[in-house]
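Undergrad: Dumping the structure here so I can ask a few things about it.
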């Protein structure tokens with residue numbers, strides 16, 4: 001390239017200016033604490049590399065690399081650039097800046113495809129704002145609401161604005177599975193801690209369990225619809241993720257994992273002419289049988305697992321479970337009292353993570369508007385799993401069906417685990433709604449075609465969601 005085109009020079013200048021402006025604003029409001037010069041330098045280096053990519057290939061290519069980096073690190077929320085920013089956050093920031101510099105991205109935006117989700121986010125946000133009038137610290141309540149908005153609505157909008165192809169979405173899925181597997185591997189190899197519950201590369205064992213719950217569905221999906229080396233890598237990933245659920249000690253994670261297996265199995269069709277010897281149904285059955293056998297052996301004390309594993313905690317055979325139950329019961333009572341005091345408006349997101357129940361937390365924080373908004377988001381997220389939509393995907397975009405079923409199963413597992421968990425604004429949670437929204441966008445823009453699956457292999461005529469036995 002002899003010289004940069006004028007448009008590319010503007011892109012580079014805009015990227016650097018936007019990045020430096022965001023850093024300046026962050027420093028101005030105290031988000032970059034003193035002494036974090038290394039983190040500051042790392043972000044500047046990322047922006048400089050991004051500027052080179054924009055100059056050489058374009059803003060969309062930078063966005064694709066940034067979102068790939070985010071997917072590869074979302075399961076590691078303990079790996080941080082600064083105290084307030086994870087490595088995945090930094091990648092998402094670069095991707096957002098890149099999309100702002102891509103004029104074609106705004107022309108590609110399909111607002112109609114995510115209108116229900118946006119409506120749900122508006123209701124949730126409105127509930128949070130109303131509830132902030134009854135919170136002790138309005139600033140803290142609105143800050144928590146902003147965290148939830150950025151993690152959910154902004155992340156979903158970025159992915160829809162990026163508008164990846166089916167191949168790119170499959171790549172994102174593999175990277176997300178790899179991220180969860182890496183965190184799981186660290187947990188399995190870690191030295192026993194004081195609590196006996198390793199967090200892996202996350203900030204808490206419960207986060208490790210939720211990462212596993214959300215990743216096992218996509219892991220089964222991509223493993224069940226490929227062959228060769230990828231099949232082997234996928235099987236290893238599924239085993240690691242399963243081990244992470246057990247080692248995390250999270251009872252909610254164990255329940256959510258089971259729900260994911262049941263959901264993926266139920267949504268898989270036996271008449272799918274899949275590649276390979278094992279489809280997703282066979283994989284789910286195998287993991288379910290092995291898991292059931294392992295639970296029996298642990299329960300009968302024929303084999304022993306490290307202290308505070310999920311099986312022993314589920315059956316109350318670990319010291320500290322009674323205290324944990326008592327603390328959760330007290331949190332439930334306290335948040336029900338908040339609901340009674342402000343059932344319509346809620347009392348703000350200042351204490352949004354205290355109930356250990358996602359649904360109760362939303363009601364207590366944002367009232368009926370927030371609860372209704374979340375219900376709308378859930379319904380819109382699950383739309384690709386409706387019978388008619390799955391049938392349309394099988395006909396027009398068969399390579400998307402495994403991803404829809406895998407991500408959908410993971411989200412159902414999260415919703416069930418959310419009855420006993422408090423995570424709301426961690427970005428790894430909202431990758432799943434974003435992926436399902438992208439599937440809706442892709443399905444809308446493509447009519448009946450001779451679609452291909454994975455590396456250009458023609459799709460089978462009789463396409464089911466994931467694989468055959």
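Undergrad: Closer than 30 Å to residue 187 by Cα, modelled with pLDDT of 85 or more and outside the structural domain of residue 429 (by TED's automatic domain parsing), is that true of residue 96? Break it down into steps so the answer makes sense when it comes.
TA: Values: closer than 30 Å to residue 187 by Cα: no; modelled with pLDDT of 85 or more: yes; outside the structural domain of residue 429 (by TED's automatic domain parsing): yes.
So residue 96 does not fit the description; no.
Undergrad: Of the residues 119, 95, 128, 69, only one is in contact with a helix residue (DSSP H, G or I) (Cβ under 8 Å, 6 or more places away or on another chain), in a helix (DSSP H, G or I) and surrounded by fewer than 19 Cβ atoms within 10 Å (Cβ to Cβ); which? Lay out the reasoning, then the answer.
TA: Working: 95 fails: surrounded by fewer than 19 Cβ atoms within 10 Å (Cβ to Cβ); 128 fails: surrounded by fewer than 19 Cβ atoms within 10 Å (Cβ to Cβ); 69 fails: surrounded by fewer than 19 Cβ atoms within 10 Å (Cβ to Cβ).
Only one candidate passes the filter, namely 119.
Undergrad: Output the number of the condition that residue 112 fails; it satisfies all remaining conditions of (1) modelled with pLDDT of 85 or more; (2) in a helix (DSSP H, G or I); (3) surrounded by fewer than 21 Cβ atoms within 10 Å (Cβ to Cβ).
TA: All conditions pass for residue 112, except number (1).
Undergrad: Check the range 99-109 and report whether any residue there is out of contact with any helix residue (DSSP H, G or I) (no Cβ under 9 Å at 6 or more places or on another chain), part of a helix (DSSP H, G or I), more than 21 Å from residue 147 (Cα to Cα) and free of Cβ contacts under 8 Å to residues at least 60 places away in the same chain. Spell out the reasoning first.
TA: Restricting attention to the range 99-109, the residues satisfying the condition of being out of contact with any helix residue (DSSP H, G or I) (no Cβ under 9 Å at 6 or more places or on another chain) are 107.
Then keep just the ones that are part of a helix (DSSP H, G or I); that gives 107.
Those still in the list that are more than 21 Å from residue 147 (Cα to Cα) too: 107.
In the following step, the residues that additionally are free of Cβ contacts under 8 Å to residues at least 60 places away in the same chain were identified as 107.
Yes, the range 99-109 contains a residue that is out of contact with any helix residue (DSSP H, G or I) (no Cβ under 9 Å at 6 or more places or on another chain), part of a helix (DSSP H, G or I), more than 21 Å from residue 147 (Cα to Cα) and free of Cβ contacts under 8 Å to residues at least 60 places away in the same chain.
Undergrad: Do we find a residue being under 22 Å from residue 411 (Cα atoms) and assigned by TED's automatic domain parsing to the domain that holds residue 365 anywhere in the range 126-142?
TA: So the first thing to find is which residues in the range 126-142 are under 22 Å from residue 411 (Cα atoms), and the list is none.
No; the residues of the range 126-142 include none that is under 22 Å from residue 411 (Cα atoms) and assigned by TED's automatic domain parsing to the domain that holds residue 365.
Here's the yes/no breakdown for (1) closer than 20 Å to residue 320 by Cα; (2) at pLDDT 90 or above:
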{"site": "186", "(1), (2)": "no, yes"}
{"site": "212", "(1), (2)": "no, yes"}
{"site": "223", "(1), (2)": "no, no"}
{"site": "226", "(1), (2)": "no, no"}
{"site": "229", "(1), (2)": "no, no"}
{"site": "251", "(1), (2)": "yes, no"}
{"site": "271", "(1), (2)": "no, no"}
{"site": "276", "(1), (2)": "no, no"}
{"site": "279", "(1), (2)": "no, no"}
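Undergrad: Of the residues 284, 264, 260, which is modelled with pLDDT of 90 or more and either touching a strand residue (DSSP E or B) at 6+ places or on another chain (Cβ under 6 Å) or closer than 29 Å to residue 198 by Cα (or both)? Let's see the steps before the verdict.
TA: On the way: 284 fails: modelled with pLDDT of 90 or more; 264 fails: modelled with pLDDT of 90 or more.
Of 284, 264, 260, the one residue that is modelled with pLDDT of 90 or more and either touching a strand residue (DSSP E or B) at 6+ places or on another chain (Cβ under 6 Å) or closer than 29 Å to residue 198 by Cα (or both) is 260.
Undergrad: Next question, about the same structure. Quick one: how many residues across the range 395-434 are surrounded by fewer than 21 Cβ atoms within 10 Å (Cβ to Cβ), modelled with pLDDT under 85 and either not assigned by TED's automatic domain parsing to the domain that holds residue 252 or not in a loop (DSSP other than H, G, I, E, B) (or both)?
TA: Selection size over the range 395-434: 3.
Undergrad: Take residue 185 and decide whether it is closer than 26 Å to residue 239 by Cα and surrounded by fewer than 24 Cβ atoms within 10 Å (Cβ to Cβ). Outline the logic, then answer.
TA: Details: closer than 26 Å to residue 239 by Cα: yes; surrounded by fewer than 24 Cβ atoms within 10 Å (Cβ to Cβ): yes.
Here the answer is yes, as residue 185 does meet what is asked.
The values are calculated or read from the model by the stated rules, or taken from the named source; none is laboratory data. Everything numeric here is computed off the predicted structure, so don't read it as measured data. No Cβ is skipped: glycine too gets one built from the backbone with ideal geometry, and neighbour counts run over all protein chains shown.
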